[in-house]
Structures are given as structure tokens and as C-alpha cells.
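Read the structure below first, then the notes.
None of the figures in this text is laboratory data; all of them are computed from the coordinates on show. As the structure is a prediction and not an experimental result, all values here were calculated from the model. A quick note on method: Cβ atoms are made from the backbone with ideal geometry, for glycine too, and the neighbour counts reach across all protein chains shown.
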Amino acid sequence: MNDTSNEVLKQLSDARNFVTWFAANSCSRSTPHIYISALPLCAKSSWVYQRYFQRTTGLARILIGQHEEAVLAIWSLESAVESVAISPDGNCIGSSSQDGSVRVYDIHTGAMVAGPFQGHTDIAWSVAFSPDGRHIALGSFDQIVIVWDADTGQIVTGPLHKHTGWVLSVAFSPDGGRLVSGSKDKAIIVWGTFTGAIALGPLEGHSGDINSVAFSPDGHLIASGSEDQTIRLWDASTGAAIGEPLRGHTDLVNMVAFSPDETKLASCSNDGTIRVWDIKTGTIVSSPFTGHKDSVWSIAFSHDGRWIASGGIDADNNIIVWDTLTGSVVLGPLSGHTSDVNSVAFTPDNTRIVSSSNDYTIRIWDVQLQNKGPSQKGARESSVGFLAFLRNRTQFISCTSTGLLQVWDMQTGTIISREFEGQVEAAMIHSITVSDQDTLVAVGASDPTIRVWSLLTSKLVCRLVTGLKSPIQCFDFSSGGAQLCSGSDDATVAVWDIDIDTGNMVGRPFIGHTGAVISVAFAPDATCIASGSADCTIRIWNMCTGALIYKLDGHESSVSSVAFSPDGSLIVSGSVGGVIRQWDAKAGTLINHISPIHSDAHFNSKSKSNGISVIHCVCFSPDGTQIIFGFGSSLHLVDTHTMKLIFKIYLPQGEIVRWVGYSPDGMDIISVSTTEGASASEPNNDSTRQSAQSPNIIRVWRATVRPDQMASSSTPPDWSYEKDGRIMSPEGFVMWIPPNLIPHMEAHSIREPQGWL
């Protein structure tokens, strides 16, 4: 197949996914929301998004989110969904629910096309389509098996009574003529699908519940997985046990599945692993697949046998797609379900996975995503912890929860960097900064070392073994990137010569602070350095000699941020206590100060005790006429000359502003926040380092909006999120999002021309 054909197939697939997403959500009731809601929320790697989004104006821009692009549709039901099965033609989904019902849905629209089928009096546990798609079988906690006509819901066979315990699994033979069931009564029964007569069994041998049964693709074997931690193979013609039980799992076996080529059997267990067995030898083909954080409840082979999908429960409600041969993760973890993932199934074309959960939803996932976007390992993880923006402010570098450095493009929401060599664990990272020419990125770690990478090649160009006794807390590059200044927990400031071959410290550390150095900044002309410390002082140092020029007193709590004005004449500082001070950089004298704690009616003692009085970042506008800082859950813009408030922007409750800055042209304000649980009263506190792993929430605000326009949105978060997914503001209806995103709005950022969501 040539490149043109592949491109056409990709376009068709992306268009189908877009239509599936739109049709599955209630925004489909309003045609304009194809553009207002569906297009902004479309996967950035999609051909639909790339072709049409740039042709629109004024739409919301999703910048960075935790939400997986893989999810195509979410159907909310009235009961926990215990099991799903996909019809052989791929057009329908059958489901069984905790309320005892069986339903059939159109996979493209989510419309119920048959059901609910009645007949069971207890939880409908396991559902299966016949090979021709005409019938549906179900096993239930009422101890019976029923076969229905999939179109009409009429009972074809049953109720079948023989089991004396819950029926936990059912499966059709490849020819559809037989049906096997496994039960809590430790027995397996093979039934005639249309006669209801027992063809084999009860087959006995397991010493625990039969959690799963499956026919081999050729119909010659039956596999069973049990609470007794073993898997057994049975002759489907005689019912005789074949060989010894397969042992290896250390907890109960939840599900078994045959590979399409009949050579392998996959199993999953409460021990948190997936195992793949050679059917002929009974041995494990490769090491157990590990990646789920808790029990693995469900598995399914893709129809070509290349992949295995698994669903987790308890502390892990994720879906992972694995390479069958190697056990490597192909896709995921796919997060979104808020309770146990009870079942997973591939569509016949292997492009989608359908999952069901105790969270009352069925979800459809796009599993072609591993062929889209960057190939960097971990590319689907959220940005967490420390980050630094590139000069154009449209890209930033941050780390994932697993410690991978990644460069993001905010316009597309995609990762644009190669994998950085020699990376460090996320928990070790204490600071990140980028040179003003966007050529280098420096990372400070708890080793303590400084690592410098080329942003152009992702190669590690310099590793500085500092010899310091404590971690590097903060960095700043000089203009041009030739030097790097650092502040550390041992109260020292140091300047480093960034030489690719050596990377030596320039002179000795600057000594004077009596507390951890939390913030450092080069003057624009690189002749001096300002440092803010936990000792409540700011110090100005001569960059060449390390001599102290000024010691600035006045703050009554740790100085958490310092910045020079663009012309170098002023310094602004922010503190843990929520005070902003402006200084004359040449004379070392205080010019003015403000304290938002005393002027903010929405700030209370509880907020202060939670540590959200910390001003984590303060900076000047590119022309030096304004100062912006983050304070608690709000952004404050003040006039540099008068320090009078120009306007204030409130973020949703529970968020803490961690960083704020301007685009180079001064047109946009960028904020980075995390949830309140990520706050701590002291920026250099260990708890801050731990909590910094909360996902970053990045927003872009138009700085040129008139104050009266901004004021209409400057009351504490009046936005409301309706259950049907509507986002409302005092100005009216903003847009629609999938309802499942409402609890996770903190993990998303939306750009709107006037700054409010």
C-alpha cells in the first residue's frame, strides 16, 4: 500500500473517530457545537483537527490536559456495567448490568437498538455474542444461563438450571452450537445452544470458583481460570482434563483468553500480572506483564493476536495495551474510568477497545494512537512538577511523573521533542530553566548535580558535579546562556561557566545568606545577581567578584521570588507571607510594597494556614510598565509606577498559581497552577517537592483586554459546570465538554480570547 493510500485511510479513520465522538455526546443535539465544542476537544494528532481548527477563529483552545485523547465515546448508564461483548460485524455492543438487564447498543451512535432483555432476577454478570451475531448468552448471579435473540430480545434457550452458584462466565463455541459456562459452584458445563441439553459436564477439578471459561478458536479445547490460582485445559469433545493445571499466578485467576492462532493462552490475576502461556507445553512464553498497580480483572486479545488489552480494578482503574510477544506497553495506561474496569474487548478491525466499568459507563477507545505523534516513551503522560517556558512562550519543557523531560507545543498540545538522554527521576528534580536563546535547558537535582541538555539535539552536553551539600533550588541563565547562576538549600549562590567540555564553577560560592536560597535572577546586563532566601532577605551580588552589593531587608517571611525589570533599574520580590516589594536596584532602597492578603476579601485564615499565601512567582511585563504575580488562586496585575491594582483574575477554587509570565510581545499572560493539595507553606519544604507531582494546569490570558472587560470575570469563580457537560459563566453559555471531564477540570486549560474559560 503506497503512502497516498495510507494517508487516505488515516483521514477516514480520524473522520470516523470524530463522528463517533460527536454522536456519542449530547452536544450533537446542536449543530454549531461541531465547531464550538467537538473541534477544540478533538485529538490534536487527528487529521480533522489539523485540517480544520486553524481555519477557525475565537474557539476555545485546549492547551494541556490529563484527559486521554484515546477515549472516543463515553456512554453513561443507569447501573454498573459488568460485561461487554462486541458483535462479529463490529456494529453492536452487548452489555450486562448489575441491575440484571441485557442491552444491545449501536457502536457508532450509542443508541440502544435492543433491550433491555428481561429474564434474570439478579446481577447479569457475563455476556457473549454468538459467532454469527444473531444470539446473546448471559450468565447471572441467579445461577441460570439464558440465550436471547439479539434483535428481538426473545428467549431462544433457557433459563438453563443446573449450576448451584453464581454463573460467572459464558462463551460460545466457534460454530455457535455449544455454550460453556463456569460457576461459583466450581463446575463447568457445556450446553447445546439451541436444545438447552447438557452436552458435557459438570466438569470438575478446580477447588475454587470458576471465574472464566473460553473455547479455543478451533473448538477443540476449553480453558478455565479459577479462584484456586490455576488454569486448566479440557478436551471440548470428551470433557477430559488435558495435562496438569497451569500454575504461576499467586492469587486468583480472573480471566483467560485464547490467542486467535490457538498457540497461546493469556490469563490475568489478582496478583496484578498478565501471563501468556504456550498451549502445547504449558509454559510461560515470556515474563509476566506488570504495569497495573492492583488486580487485573479482564483481558482480551486483538483479532490479529498482536496485542492484549487488560483492565484493572481497586487501586488501578486503567486500561493497558500490551505487545503479546514482548510484554511491552503499546498504549496506556488509559485512564478515565473511576471504578473497576470489568471487561475489555477489541473491535474486529482492532482499531478500538470497548470497556465497561462499575462507574456506570461504557467507553470506546481509539487504539491507533500508538502510530500517531511522537514515539517517545511516556509521551501520553501529563506535565507535572517543575517546568520552564521557551522564549516564544508557545512551548515549554517539563517532566512527567516518571521523570521524562518533554517539550510541549501549547498550540497543538503535542510533544515535539526527542527523548532526552541520561534523564533523572522526577522526584529528584528541584528546578528547570531554559537559556534565553532556547538552546539549552538546565535541571537541578537532589544528587546534587546540574545537568544541561541541548534543546536542539536532546543530547546531554554538560553534567556538573557541584560538590554542594544540598539540592539546587533555583536557576537562571545569563543573557546568551554562557553562565548559569544557582541557589541551593545550603544558603549559597554559585555561578557556573557552561562549557560543554568542562562546566566549571566561576570562583567560589557567594556566601552571606543564612537560609536556603529560593530564587535567583541575573540582571539584564549580567553584571549582578539578585537572590531571595528563606532568611527573609534579598541580596544583590557582583557577578564577577561575588562581592555583596546590597542586602535588602523588609520581608518578614521567606522570599520566594525575585525579578529584575527589563531595563535593570528595578527589582520586584514576593514572599511566602504574601507581600510584594519593589526596590531600586541601583540604590538598594525600598520604593513601594503591597499585601494582597489584607486587600483580598476572599482570602481567609484557612487559606493562609494551607500555605496558599505564598507568592511563587512575580515578573515584569516586557515593557516594564506592569508587574504580574500569582497569589493563592488568583492573578494580580499592578501598575509598576503606582503599584495600584489594574485587574485581578480568579482561577477555580482549589488551584494554586505556581508560575506566571508574559509572551514576548506582552499580548498574553500565561499562568501555571496546580491543585490545592500540591501547596505547602514553604517553597523549599520537602512536602512541596512531593506535591509538585500534581498535573500542571496551564492557561493563556489576553493581556490587552480592557480592565472593565476583565472585571466582569474577576469575581471568585462564578463558572458552573452542569451535569450534562455545559460550562456556564456569568456572561452565558461558554462551551460543552464530556461530563466525565467536569471532576477533572483542574487538569485542563482552555484559551479564550477574553481570558475567562
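Can you put 648, 469 in order of Cβ neighbours within 10 angstrom, beginning with the fewest?
The most exposed by this proxy come first: 469, 648.
Which entries in the list 162/293; 184/280; 293/469 go over 32 Å, if you measure between the two C-alpha atoms of each?
Over 32 Å apart, Cα to Cα: 162/293; 293/469.
Please arrange 492, 109, 674 by counting, for each residue, the other beta carbons lying within 10 Å of its beta carbon, fewest first.
By the 10 Å Cβ count, ascending, the order reads 109, 492, 674.
Once R0 is set to 22 Å, what does the formula 1/(1 + (r/R0)^6) return for the Cβ-Cβ distance between residue 251 and residue 284, expressed as a FRET efficiency to the nearest 0.05?
Calculated transfer efficiency: 0.85.
So for 244, 262, fewest C-beta neighbours within 10 Å to most, what's the order?
Placing the least packed residue first, the sequence is 244, 262.
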